[in-house]
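What follows is one structure encoded as structure tokens, with my remarks underneath.
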Amino acid sequence: MDVPSSRPLGRSRAGAAPGPVASSPRPYREGVPHVPPPPRPSSRPRRPAGPPHGRGSAPAAPRGRGRPRWARRIVTTLSVSVLAAAGIGHTLMTGIDSGIERVDPFKDMKNRPRAGNGTTMLLVGTDGRDRITPAERAKYRLGGEPCRCTDTIMIVHISADRGRASVVSLPRDSYAEIPGHADRTTGRKHAPHPVKLNAAYAEGGPQLTVRTVEHMTGVKIDHYLEVDFTSFMRTVDVVGGVRICTEKPMKDAYTGLDLAAGPHDLNGGQALQYVRSRHIDGAADLGRMQRQQTFMAALIAKATSSGVLLNPVRFRELAQTSLGSVRASRDFGTDEMLALGRAMKGFSPSSSEFTTVPVGNPSHQVKGLGSTVKWDDRKAKRLFQALRDDKPLTVRKKRPAAVEVPVAPDQIRVQVENGTAAAGLGGKVDAALRGTGFRTTGVPMNAADRTVTRTLIFHDPRWDRSAKSLAAALPGSELREQRGRGPVMRVVAGSGYEGVTRVRAAVPAESGEFGAVSGDEVLCGG
């Protein structure tokens, strides 16, 4: 059954797929070639061939039709060039990184891990409630004193071929051993000692955080990016909000999160509540990390599907908003932003994969620290080796020969009716649909109208994804909305019935030993 959705995000129109709407006078039929109409005779004499008009120029284009084509080409060229050509990209992005507060987390670092393939970034989320307006602090439950502490720690790896982003969440309460260092305030020397991972930032800021993560993972960090509450909220707002689907109600009195089951379009403040909540269930911080990963997948889906990465103006606006209140390593500038934009230009939700470092004991007691999260050293070692080797964390299953649909057939209920005078057609269609996995009633009926030619599928618009999946199994059929019908699809078989095509739900990636999931699996309907 589909989660009811609003029209702008996926609701189909009546008769939209597959095939034309019922009012089409000449329905498209697969396999029938399209014959264009003959050209209109023109009384305008042809221009004789001759030398070009001026040095290096082509003959002037005919009036009327030439200008729109050139306009489209110019717009397309600018949009693509902003991410594909360094020259134009630098022109548009000049000064975009001037507002970034710079840090040097790699200063004087020695004995670092060997660099692997691809690009690896440490993404740290910090408390920045002091930069948020009093009204927003009250509305989104951000009271209390701000702390320069880490709320979120993630390793983000972009593959060398720019075709994959792997995100590994590190629990902030992870048991860690901080390397020896000097206190950033007093200069006092500290010997290596055990802490919770987020304490590395409190004791030594970005540099000690990077040193600790590299020491624990063996992964060399290429760039450092620190995001606070303000930049997070503004980024969500500038892309127009992010859609999240919940299977059950979510309520957290600490953050003010209160979501009913179903889809939700979250603005920046609501999204912050969603990713910060850790009192929804017993999963605590581990559950919160899963929600953060779901949110990141949804944000990637929104950014890549909305065209913002191909629109120079919107891309600049997004970059300005995202980077307006962040701290980053000195080497993360215009070139790196353009490279990231180029990498994400061809991204889709399935291009991203998310996991949490394997946990051996979520309640490892340490004297003086209390309960910590102890990693599974053996599995974690293999996970970080995969990052260094630039290997995917998910494994795609071998796909069977069938048409991919958004909803599995065994999740779709169908009542079949015979819309023709041919005896037995209803039973034939019912058996064929049931044979490919659909949950038919097994009791076909005769329709009131027995003169139907094209097979019709009547469906409630709230179950539009199920309807599209059913339509894919009935080639040549026509979708018709019927509000209030509920989850059961009504199929009226027509005389043009062409049989049933085998369909299957999109096969997700296997999580493998690291429990990783691809972005498309955690989105609405994934």
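Observations, loosely collected:
- Segment 349-373 and segment 243-273 have Cα centres spaced 24 Å apart.
- Here segment 151-300 is treated as an ellipsoid with the same Cα gyration tensor; its semi-axes, largest first and in whole Å, are 31, 19, 14.
- Proximal lysines to Lys196, defined as alpha-carbon separation beneath 24 angstrom and excluding residues fewer than eight positions away on the same chain: Lys107, Lys110, Lys220, Lys367, Lys374, Lys379, Lys381
We did not get these values from a lab; they are worked out from the coordinates using the rules stated. Treat the numbers as computed from the prediction; the structure is a model and nothing was measured.
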